[in-house]
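Engineer: Can you keep this structure in mind? I'll have questions shortly.
The values are calculated or read from the model by the stated rules, or taken from the named source; none is laboratory data. Here the structure is a predicted model, which means the values were calculated and not measured. Here the Cβ positions follow ideal geometry from the backbone for every residue, glycine too, while neighbour counts run over all protein chains shown. Only protein heavy atoms, including side chains, enter the accessible area calculation; ligands, DNA and RNA are left aside. Shrake-Rupley method; radii C 1.70, N 1.55, O 1.52, S 1.80 Å.
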Amino acid sequence: MNSGAKLSVQVMGRSPRWPAAGVGMTDKVDGAVRGPMAYSVARSAIEKLEAAKVWPTALNYELWLHLAADPDGELSKEIERLLKSGAALTDEVCASLAATFLASGRLNEQINDTGDALTRELVSVSGAVRSAGAAARSFGQTLEAAGRELGQPQDGDSGLRAVVDNLSTATRAVQTEHRSLDSRLAESVREVARLKEDLDEVRKDACTDALTNLANRRAFDVELRRLCTGASDEPRDRVIALALLDVDNFKRFNDTWGHQTGDQVLRFVASVIGRLAPPPRFPARYGGEEFTILFLGESTRQIESALTQVRREVSARMLRRRSTNEELGSLTVSAGFAERLPGESADSLMARADAALYLSKRGGRDRTTRSDGLAAAG
Ligand code: GH3
Ligand code: MG
Ligand code: MG
């Protein structure tokens, strides 16, 4: 039960503020590691890593550099919160921090690379177009000259022959240019299509949780903000509700059966959530063993019933180790949800859903609570 208290620390410390914070934070750290304090920032990052007993891998060093160079940044706050909560900063946890807080910078790099390639492509196409244009101009001039000459009395056949020769040479030059332009354009169209696919892939990866294939925290944050700032096309009177789901006592499960088996269980829980929350519901993995679902225009009853169904399906499943078929028992899930009040901010809605989840945990887990604190059915 004491993890209920821990949960409240965790929960209240979360403040999804993507993507602006990530980009600014990276700039600040970039400035620090190139400025006069660079080496002392680097030393401080290493000391902090050692104090936290975290391996100085390249990724962890990058994370801790943020802690040393930008202590008030979102990433630093999250690391401090984890350190205070006593959570083990495993490779998985650090990878998840990097995916959440550093991905924006990397994504921008990838998008910039793709943008550069597109720009190069367009420059090369416009070069080809210019060169075809020049050929066409010269063709036009030749024709004009030919017209003038044909309009004048000629010294017999030889003058006319020269005009015709000139014309056909110019025509061939134009045809060759056009053929080359055609093939350059066709190649460019193929290249642009390939780049577009790359970009779509990068965008999809950036919004997808690699373990479960659900939307990730960033995609969830963007969607929540979109819905709460009226940037969405949804009619204003459609109720938005936010549910948080957290696997109960998952640390104990992991400690007993190992992280790999834990990962399989997370995939299973995610598959149940994904199946029971099809669009327009918006399910996501918020991080660790925490999931969210956004509901749009659904009644309290419908939301409670969906959450109850998720919890029932998860707890009804006898979990087995895949390799040996060994029975591992079953797990339960706690849920909390809040319906958005008129004009309520994303942060406030999140905090109320968090508080409801906390009540579910404190009340004994394996239950759903609505944000007003009344235990919901199920
Ligand atoms: P509570 O019922 O209060 O939620 O207890 P809990 O043990 O589920 O909560 P706590 O926050 O103490 O621990 C969450 C655990 O989830 C810690 C870590 O072992 C596990 N975890 C977080 N992310 C992952 C992951 O990606 N894979 C695996 N296998 N385990 C994870
Ligand atoms: Mg949790
Ligand atoms: Mg949990």
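Engineer: Within segment 287-304, which residues are surrounded by fewer than 16 Cβ atoms within 10 Å (Cβ to Cβ) and small (Gly, Ala, Ser)?
Structural biologist: 297, 299
Engineer: Let me ask something else about it. Within segment 31-73, work out how many residues are under 16 Å from residue 93 (Cβ atoms), of a type in the set (Phe, Trp, Tyr) and assigned to a helix (DSSP H, G or I).
Structural biologist: The total comes to 2.
Engineer: Let me ask another. Regarding residue 263, is this residue within 26 Å of residue 359 (Cβ to Cβ), within 26 Å of the chain's Cα centre (by Cα) and within 16 Å of ligand 2 (Cβ to nearest atom)?
Structural biologist: The answer is no for residue 263.
Engineer: Another question, then. Those residues that are within 30 Å of residue 297 (Cβ to Cβ) and more than 7 Å from ligand 3 (Cβ to nearest atom), I need them from segment 243-258; list them, please.
Structural biologist: 243, 244, 245 - these are the residues of segment 243-258 that are within 30 Å of residue 297 (Cβ to Cβ) and more than 7 Å from ligand 3 (Cβ to nearest atom).
Engineer: Quick one: is residue 246 surrounded by 19 or more Cβ atoms within 10 Å (Cβ to Cβ) and not aliphatic (A, V, I, L, M)?
Structural biologist: yes
Engineer: Quick one: which of 282, 268 is open to solvent by 20 Å² or more (accessible area, probe 1.4 Å), in contact (Cβ under 8 Å) with a residue 60 or more places away in the chain and in contact with a helix residue (DSSP H, G or I) (Cβ under 9 Å, 6 or more places away or on another chain)?
Structural biologist: Exactly one of 282, 268 is open to solvent by 20 Å² or more (accessible area, probe 1.4 Å), in contact (Cβ under 8 Å) with a residue 60 or more places away in the chain and in contact with a helix residue (DSSP H, G or I) (Cβ under 9 Å, 6 or more places away or on another chain), namely 282.
Engineer: Return the residues of segment 48-98 that are free of Cβ contacts under 8 Å to residues at least 40 places away in the same chain, closer than 17 Å to residue 286 by Cα and either buried (at least 19 other Cβ atoms within 10 Å of the Cβ) or of a type in the set (Lys, Arg) (or both); say none if nothing qualifies.
Structural biologist: 79, 97
Engineer: Within segment 317-324, is even one residue closer than 21 Å to residue 353 by Cβ and not assigned by TED's automatic domain parsing to the domain that holds residue 88?
Structural biologist: No, that holds for no residue.
Engineer: Only residues that are open to solvent by 20 Å² or more (accessible area, probe 1.4 Å) and either within 29 Å of residue 89 (Cα to Cα) or within 16 Å of ligand 1 (Cβ to nearest atom) (or both): list them for segment 305-316, please.
Structural biologist: Result: 315, single match.
Engineer: Shifting gears a bit: Of everything in segment 190-199, what is farther than 12 Å from residue 121 by Cα and either modelled with pLDDT under 80 or touching a strand residue (DSSP E or B) at 6+ places or on another chain (Cβ under 8 Å) (or both)? Give them in sequence order.
Structural biologist: Listed by number, the list holds a single entry, 196.
Engineer: Looking at segment 256-301, which of its residues are away from ligand 1 (no atom under 15 Å from the Cβ) and either over 17 Å from residue 215 (Cα atoms) or in a loop (DSSP other than H, G, I, E, B) (or both)?
Structural biologist: 277, 278, 279, 280, 281, 297, 298, 299, 300, 301 - these are the residues of segment 256-301 that are away from ligand 1 (no atom under 15 Å from the Cβ) and either over 17 Å from residue 215 (Cα atoms) or in a loop (DSSP other than H, G, I, E, B) (or both).
Engineer: Among the candidates 329, 287, 297, 274, which residue alone is out of contact with any Ser or Thr (no Cβ under 7 Å at 6 or more places or on another chain) and under 24 Å from residue 87 (Cβ atoms)?
Structural biologist: Sole residue among the options that is out of contact with any Ser or Thr (no Cβ under 7 Å at 6 or more places or on another chain) and under 24 Å from residue 87 (Cβ atoms): 329.
Engineer: Return the residue satisfying two criteria in turn: it lies in segment 317-372 and is surrounded by fewer than 16 Cβ atoms within 10 Å (Cβ to Cβ) and among the small types (Gly, Ala, Ser), and of such residues it is modelled with the lowest pLDDT.
Structural biologist: Checked segment 317-372; the qualifying residue modelled with the lowest pLDDT is 323.
Engineer: Scan segment 304-350 for residues that are under 17 Å from residue 229 (Cβ atoms) and within 16 Å of ligand 2 (Cβ to nearest atom) and jot them down.
Structural biologist: 350
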